[in-house]
Structure formats: C-alpha cells, structure tokens
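The values are calculated or read from the model by the stated rules, or taken from the named source; none is laboratory data. All of these numbers come straight from a predicted model, not from anything done at the bench. Cβ sites come from the backbone with ideal geometry, for glycine too, and all protein chains shown count toward neighbours.
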Amino acid sequence: MTVKMDNVGIVVEDLTAAIEFFRELGLELEGQTIVEGEWAGRVTGLGNQRVEIAMMRTPDGHSRIELSRFIEPSVVADHRNAPVNALGYLRVMFAVDDLDETLSRLREHGTELVSTEVVRYEDAYRLCYVRGPEGILIGLAQELG
C-alpha cells in the first residue's frame, strides 16, 4: 500500500494575506476557488457550506497547503494563539536554503519569531518557529553542512 501526503489545511480569515505570506516563503498559488454545496458538507460533516480556498504548492511540486476561508458556516474555534505544546495539529515545518534571508522577507509581512532567537541543533540545523498572519505557526529549518 502506498500513502502520499496530499496537503495540509489551514483555516484563515484573511485569505489574501495568507496567500501573500506563503508566496513570500516561496510557495506558488496553484489555484483558487469556492467550494460549496451539500456534497462538500457531507465530506466535512458541516452540512451546507461555502468555503473560499487557495491551494499553495512548494516549488518542487511535492507538498501543498490548502488555505480555507469559511464563508458559511462561520468559524467556531480559534487556535491561533495556542502554545507549541497544545494538543492537536500544531505547525508545518519548511526546509529553507537561507534562514536569515527567509526571515528578513517574512518580517515584511508581520512575521515574528516565537522565541527570541534562531537555535542551532548540533551541526545539523538552524531552526525557529515563527507566527505569520493571523498567528499561523510555521517552523523553518536550514540544514547545515
């Protein structure tokens, strides 16, 4: 049996800001549409729904993020300020070539480090967590060597 990850979903209020953030990170907008109707609600268990989605793809084409803005029904919970040890899905980690340059570009979109520093893990990685638009938690890792 073969299993392949298709995408990770992130619910946002400001779809445009989230698209621009992930574009700045290096992802490409694959498509944007409205998903609605009874069939979609049967999948999610939400009943009749209307959701604006944008699919973002990494340049290598192997990973995607689905950004969703719920029009109907409205959002019922907010986990944007959950700490890194909260139960459930937490963050997406991206490998980048130049962590300092990536952070510089993302700061123009209001991105802030979760900690006060970028941390070195042995001689293998430089790592950090950042909060993007709407508090989206993203991990960034630069392989050393």
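Just need a number here: residues in the stretch 1-33 that are assigned to a loop (DSSP other than H, G, I, E, B) and closer than 23 Å to Leu90 by Cβ.
Number of matching residues: 10.
Here is a yes/no grid of residues against (1) over 24 Å from Thr16 (Cβ atoms); (2) at pLDDT 90 or above; (3) not in a loop (DSSP other than H, G, I, E, B):
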{"site": "Leu106", "(1), (2), (3)": "no, yes, yes"}
{"site": "Arg120", "(1), (2), (3)": "yes, yes, yes"}
{"site": "Asp123", "(1), (2), (3)": "yes, yes, no"}
{"site": "Leu127", "(1), (2), (3)": "yes, yes, yes"}
{"site": "Gly139", "(1), (2), (3)": "no, yes, yes"}
{"site": "Gln142", "(1), (2), (3)": "yes, yes, yes"}
{"site": "Gly145", "(1), (2), (3)": "yes, no, no"}
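With the structure loaded, tell me whether Val96 is within 23 Å of Glu20 (Cα to Cα), surrounded by 12 or more Cβ atoms within 10 Å (Cβ to Cβ), touching a Phe, Trp or Tyr at 6+ places or on another chain (Cβ under 6 Å) and touching a residue at least 24 places away in the same chain (Cβ under 8 Å) or whether it fails that test. Break it down stepwise before answering.
Details: within 23 Å of Glu20 (Cα to Cα): yes; surrounded by 12 or more Cβ atoms within 10 Å (Cβ to Cβ): yes; touching a Phe, Trp or Tyr at 6+ places or on another chain (Cβ under 6 Å): no; touching a residue at least 24 places away in the same chain (Cβ under 8 Å): yes.
The answer is no for Val96.
Filter the stretch 30-52 for residues that are among the acidic types (Asp, Glu) and either outside the structural domain of Ala18 (by TED's automatic domain parsing) or more than 22 Å from Asp14 (Cα to Cα) (or both) and give the result.
Glu38
What single numbered condition from (1) farther than 25 Å from Tyr129 by Cβ; (2) in contact with an Asp or Glu (Cβ under 6 Å, 6 or more places away or on another chain); (3) surrounded by 14 or more Cβ atoms within 10 Å (Cβ to Cβ) fails to hold for Val12?
(1)
For the stretch 34-79, give me each residue that is part of a strand (DSSP E or B), of a type in the set (D, E, K, R) and free of Cβ contacts under 8 Å to residues at least 40 places away in the same chain.
Glu36, Arg50, Glu52, Arg57, Glu72
Only one of these is modelled with pLDDT of 95 or more and either more than 19 Å from Gln142 (Cβ to Cβ) or of a type in the set (Ser, Thr, Tyr) (or both): Glu28, Glu101, Glu36. Name it. Full working, then the answer.
Details: Glu101 fails: either more than 19 Å from Gln142 (Cβ to Cβ) or of a type in the set (Ser, Thr, Tyr) (or both); Glu36 fails: modelled with pLDDT of 95 or more.
After ruling out the rest, the residue left standing is Glu28.
Look at Gly41 and say whether it is at pLDDT below 95, out of contact with any Asp or Glu (no Cβ under 7 Å at 6 or more places or on another chain) and on the phi > 0 side of the Ramachandran plot.
no
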